[in-house]
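One structure below.
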Amino acid sequence: MSSDSPISSPNSQPESPVSDLIDLTLLLSDELLLRVLSKFPDCERNLNFLVCKRWLNLQGRLVRSLRVTDFDFLLSGRLVLRFPNLNQVDLVSGCWVSSRNSSILMSHGVLSMHIDPWLLLYSNVGEKIVLESVLIDRGLKVLANGCPNLRKLSLVGGSEFGLLNVAKECELLQELELHKCSDCMLQGIAAFENLQILKLVGNVDGFFSSAVTDIGLTIVARGCRRLVKLELSGCEGSFDGIKAIGQCCPMLEELTLCDHRMDDGWLAGLQYCENLKTLKIISCKRIDANPGPDEYLSSCSALERLHLQNSQLRDTVGVRALFMTCGAAREIFIRDCWGLDDDMFGFANNCWRVKMLLLEGCSVLTTEGLESVVLQWKELQSLEVESCKNIKDSCISPALSEVFSVLKNLKWRPDTKSLLSSSLVETCMGKKGGRFF
């Protein structure tokens with residue numbers, strides 16, 4: 001052995017240079033590697049695209065849902081190339097012109113954007129910053145051609161031509177959410193043969209103004225006969241529009257009215273929704289000021305749930321007509337509704353089949369008013385009362401106590417103030433001159 005040759009120890013191993021390392025994943029096909037990457041947890045899956053360009057492309061094929069904030073990303077075609085297998089796309093945040101250099105942040109619902117100061121002078125800010133319909137329609141065409149398996153789509157503005165392009169290429173689309181919607185835009189909705197869930201947002205006070213009337217509701221009724229859920233937010237209409245929905249959409253099971261602008265008499269149209277199971281009234285300033293004679297009001301026989309939330313229940317005639325129409329309801333949920341006093345709640349006696357009642361934030365209702373109705377409901381099984389300050393434990397009668405004893409579910413926290421006071425007995429908080437945060 002030459003004296004110049006290096007002497008290695010028995011446990012030492014030769015080190016391979018980085019250039020000699022082999023990427024063993026190259027031996028796997030794309031389909032097999034996709035199956036492996038799909039097994040990663042969601043928190044780690046988004047980091048896989050940092051490994052190499054191949055993994056970047058494969059990771060994009062695993063993404064199914066996307067919220068787009070930059071509309072240019074869609075117009076350029078990079079979105080559909082990067083994420084070819086999308087089935088849920090939300091374009092609501094990307095359909096506005098946002099000023100990134102402005103320090104004024106405007107938020108409205110799920111929307112948040114930076115706007116220029118001069119826009120604050122206008123009442124309907126959304127009218128000034130929404131993208132042109134031509135651009136939105138062009139983006140919808142790119143999206144429809146690149147993602148034919150689209151199942152859910154949310155957008156703002158656009159026209160009927162953009163909707164027609166989506167309906168032509170995306171035959172599997174089942175859920176659609178349209179903001180700043182109008183009757184003219186709805187002319188393209190009849191081409192969605194498999195549409196099941198639809199949300200229409202017409203007018204939003206202080207943000208944008210758009211009208212959905214009986215004409216638009218009739219177009220929806222005749223074109224979307226497979227509707228299961230329908231939400232109308234800031235929409236107009238009347239008895240004729242609701243009647244058309246009920247007659248032409250026999251599969252409709254859930255109807256939501258949010259800040260509705262319906263004309264008087266619309267409640268009578270609910271009787272034509274023969275399979276309606278859930279009725280939700282949210283953030284409405286009124287129910288129905290003039291529902292008409294009682295003989296025009298028929299109960300929805302299939303109705304199971306009535307939700308009232310953040311609405312004004314001050315109109316005696318409208319509240320009475322609502323409970324008459326929902327006489328078959330088995331579950332009633334009332335949250336933070338203004339004006340619900342003992343007399344108004346007394347109309348709920350028409351719903352004699354109720355099994356579950358939830359009251360939350362009903363500050364005017366008293367224990368006597370609750371008792372006058374609950375004692376009439378012989379099938380009541382569940383009762384939840386929260387944050388109703390005029391419902392007192394001391395006013396519970398023996399008859400109401402007996403009802404409580406047979407309930408399967410009872411959640412009784414009507415006076416949160418008294419609960420808070422009792423929890424501070426051992427502390428200095430809540431006392432005059434004591435410490436507080």
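The values are calculated or read from the model by the stated rules, or taken from the named source; none is laboratory data. Because the structure is a prediction, the values reported are computed rather than measured. Glycine gets a Cβ as well: all are built from the backbone with ideal geometry, and neighbour counts include every protein chain shown. Areas reflect the complete protein model, heavy atoms only, side chains present, ligands, DNA and RNA absent. Shrake-Rupley method; radii C 1.70, N 1.55, O 1.52, S 1.80 Å.
Observations, loosely collected:
- Were the residues from residue 317 through residue 402 laid out at 0.36 nm apart, the gain over their Cα-Cα distance would be 27.3 nm.
- Net +/- balance of residues flanking residue 143 in space, Cβ distance below 14 Å, scoring K and R +1, D and E -1: +3
- Summing Cβ point charges (Lys, Arg +1; Asp, Glu -1) relative to the Cα centre of region 189-347 gives a dipole of roughly 500 debye.
- Cross-link pairs exceeding 19 Å in C-alpha to C-alpha distance, out of 152/277; 141/199; 355/411; 277/408, comprise 152/277; 141/199; 277/408.
- Electrostatic tally near residue 302: other residues with Cβ closer than 14 Å to its Cβ, Lys and Arg +1, Asp and Glu -1, net -1.
- Close amide H pairs (under 5 Å, H built 1.01 Å from N) link residue 192 with no residue at least 5 positions away or on another chain.
- Average accessible area per residue (Å²) across region 221-297 - probe 1.4 Å, nucleic acids and ligands excluded: 41
- Contact order normalised by residue count of region 116-236, Cα under 8 Å, 6+ apart, percent: 24
- Loop-resident sites, region 299-396, for GluC sites (Glu not before Pro), counting at most 13 other Cβ within 10 Å (DSSP): 379
- Counting only protein heavy atoms and using a 1.4 Å probe, the accessible area of residue 330 comes to about 70 Å².
- Length-normalised contact order of region 204-290 in % [C-alpha pairs under 8 Å, at least 6 apart]: 29
- Summary value for region 273-357: 31 percent relative contact order, contacts being C-alpha pairs under 8 angstrom separated by 6+ residues.
- Taking θ as phi - 60° and the Karplus parameters 6.51, -1.76 and 1.60, the scalar couplings of region 336-353 work out to 6, 9, 7, x, 7, 9, 4, 5, 5, 5, x, 5, 5, 4, 5, 8, 7, 9 Hz in sequence order, x denoting glycine and proline.
- Share of carbon and sulfur in the accessible heavy-atom surface of region 309-387 [1.4 Å probe, %]: 44
- For region 181-195, the Karplus equation 6.51 cos²θ - 1.76 cosθ + 1.60, evaluated at θ = phi - 60°, returns couplings of 8, 9, 4, 5, 5, 6, 5, x, 8, 5, 7, 7, 6, 9, 5 Hz by residue, with Gly and Pro reported as x.
- You can think of it this way: the chain between residue 381 and residue 358 has 7.1 nm of extra reach, that is 0.36 nm per residue less the Cα-Cα gap.
- By the equivalent-ellipsoid construction on the alpha carbon gyration tensor, region 175-234 comes out with semi-axes of 20, 12, 9 Å, ordered largest to smallest.
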